[in-house]
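The values are calculated or read from the model by the stated rules, or taken from the named source; none is laboratory data. Keep in mind the model is a prediction, meaning the values are calculated, not measured. Cβ: placed from backbone, ideal geometry, glycine included. Neighbour counts: every protein chain shown. For the accessible areas, the whole protein counts, side chains as well, though only heavy atoms, and no ligand, DNA or RNA atoms are used. Shrake-Rupley method; radii C 1.70, N 1.55, O 1.52, S 1.80 Å.
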Amino acid sequence: MKIPPHKAVSPLTILWCGAFIMTISLGIRHSFGLFLQPMSLSNEWGREVFAFSIAMQNLVWGVAQPFVGRMADRLGSAITMILGGAMYTLGLFLMATVESPGMLTLSAGILIGLGLSGTTFPVVFGAVSRAMPPEKRSMAMGISMALGSLGQFAFLPGGLFLINQVGWSYALSIMACVAVIIVVLAWQLIEPKKAKTLKTDDARCSAENLNSSARQRELGEQKELGMWASLGQAMRHRAFLMLSVGYFVCGFQILFISVHLPSYLQDSGIPASAGSTALALIGLFNILGSYLAGLWGGKFRKPMLLSGIYSLRGLLIVAFVLAPLSTWSVYLFAACMGVLWLSTVPLTTGTVSAMFGVKNLSMLGGLVFMFHQIGAFVGGWLGGLLFDATGSYTLVWWICVALSAIAAAVNWPIQEKSATPNEPRAQHAAG
C-alpha cells in the first residue's frame, strides 16, 4: 500500500522526536530526588512517605508497561505517547498541590507512573526499531538513549534552581508545563502504522536474502503470534527470565541512587548543591555510556557487555562506600556511575529483539522492563524504610553490591539467538 507523502514520517523524524520525548520524560523523572527533603520537611513526613510514592511510581510504570507496549504495537506509538504525555502532565500538576501521603501516591505514584510507561524506553525504542533497518537498530537505540540522557543532565541544575527560587510546589508546576511538549512532539509522529510495519518487514527480508515464499511464511508466523502467545513464549524462555533478573537489579540500583543519593550526601555533611551536581553528572556521562552501549552492542555480544556493566557497578559502589567521602569523590563516583547508568537499556532491548524480533517489541520490551521497575520499587522504598529503621543507608549500599554480582552471573551465559529456531528473522533483529 502506498503511503501518501503528507502522512509519511521519516525514520529520522521518529528517531529525533522519540529521543527528545525521552529527554523531557527522563529529565523530569531524574530530578525527583531533589524534592525528597523539601517536600518531607514542608509536610512533616518521614522519608518513607516520599520514597514509597516514587517506588509506587516505578511499580505502576513497570506493571503497566507490557500493556502500554501492546497498545503501541497495535494502535501506534504516537497515540500512546500522546496519552502518556497527558498523564505525566496531570500527575505533575497534582503533585505540586499535595498535602497528604495518599494524594502524593496518586499523583507522583500512579499518574506519573502511567505517564512514564507511555513516554520512555519500550514505546520509543519500539517505534525506532520498526523504523530502522536491522543493521542500524542498535546504534539508533544508543543515539536515542544518549539524547534522552541529556535531560537527566539539564533538568537537575534547573530543578534545584527552581526549588531554591520559587519553592518545590511552583517548581513542579513549571515542570508540568514543560511536559506538555511531549504531547506536541508525539503528535508529529502520527502515521499509518501497518504500512510502516510492512515496509520494515520488506527491508529486513531483503537484507537477509529471503525468497518470496519464505517472506510470506515469516509474515504469517508474525501475524499468528498474538499478545498472550508472545507473553507466554517469553515467560517460558530461560534466557528472557535471566535477562529479567539482571534488569531487576538495574532498577533497584538506579532508583535507590537517584532518590536517596542527595539525602545521603547531606546527612554526611556534603552541601545540597553537590547532590544536584552528582545527579547531573550521572546524566551527562550517561550520554557517553548509552552511545557506547549502542555502538558496541552492534559489534560484541550484548549479554557479555551487560555482565561487565553490572560487575563494574558493584566494584564502583564498594570503592565509594569504603573511600573517605568528599565532594570530589562524589563527583568521581557520579561520573563513573553515569557511564554505567542506562547503558543497560539499549543492550537489554537489543537482546530481546534478537530473540523475538520487532513485531511485538514494545510489549516484550515492556515485559522485561516490568522486572526493572519491580526492582526500582524495592530499591526506592527499601532505601527509605531501612533509613527510618536504622538511621543509615549503609545496609542498602551493600545490598546493591551483592545484587551486582548476581546480575553479572545471570547475564553472562545468555545467547543472542532466536527464541524459535524456525524464525531466522529474530537472529538479526538487533543489528
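Checking every residue in the stretch 81-89 against the condition of being in contact with a Leu (Cβ under 6 Å, 6 or more places away or on another chain) and hydrophobic (A, V, I, L, M, F, W, C) gives at least one match.
Just one of (1) under 17 Å from the mean Cα position of the chain (by Cα); (2) modelled with pLDDT under 80; (3) over 17 Å from Ser31 (Cα atoms) fails for Glu135. It is (1). If you take the residues in the stretch 397-431 that are in a loop (DSSP other than H, G, I, E, B), touching a Pro at 6+ places or on another chain (Cβ under 8 Å) and buried (at least 19 other Cβ atoms within 10 Å of the Cβ), which one is modelled with the highest pLDDT? Restricting to residues being in a loop (DSSP other than H, G, I, E, B), touching a Pro at 6+ places or on another chain (Cβ under 8 Å) and buried (at least 19 other Cβ atoms within 10 Å of the Cβ), the top hit is Ile414.
Yes/no per residue for (1) open to solvent by less than 10 Å² (accessible area, probe 1.4 Å); (2) closer than 24 Å to Ala146 by Cα; (3) not small (Gly, Ala, Ser):
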| position | (1), (2), (3) |
| --- | --- |
| Ser343 | yes, yes, no |
| Thr348 | yes, yes, yes |
| His372 | yes, yes, yes |
| Asp388 | no, no, yes |
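Selection within the stretch 332-341: residues that are open to solvent by less than 30 Å² (accessible area, probe 1.4 Å) and farther than 26 Å from Phe240 by Cβ. The member of this set that is nearest to the chain's Cα centre (by Cα) is Gly338. Selection within the stretch 152-176: residues that are under 22 Å from the mean Cα position of the chain (by Cα) and of a type in the set (A, V, I, L, M, F, W, C). The member of this set that is nearest to Ile112 (Cα to Cα) is Ala176.
Number of residues in the stretch 171-191 that are surrounded by fewer than 18 Cβ atoms within 10 Å (Cβ to Cβ) and in contact with a Cys (Cβ under 6 Å, 6 or more places away or on another chain) equals 1.
So, of the residues in the stretch 312-331 that are under 25 Å from the mean Cα position of the chain (by Cα) and surrounded by fewer than 17 Cβ atoms within 10 Å (Cβ to Cβ), which turns out to be farthest from Ala239 (Cα to Cα)? Among them, the one singled out is Tyr331. Among residues of the stretch 293-311 being touching a helix residue (DSSP H, G or I) at 6+ places or on another chain (Cβ under 7 Å) and more than 16 Å from Gly142 (Cβ to Cβ), the one that is surrounded by the most Cβ atoms within 10 Å (Cβ to Cβ) is Tyr310. Scanning the stretch 350-362 for residues that are open to solvent by 10 Å² or more (accessible area, probe 1.4 Å) and outside any loop (DSSP other than H, G, I, E, B) returns a single hit, Phe356.
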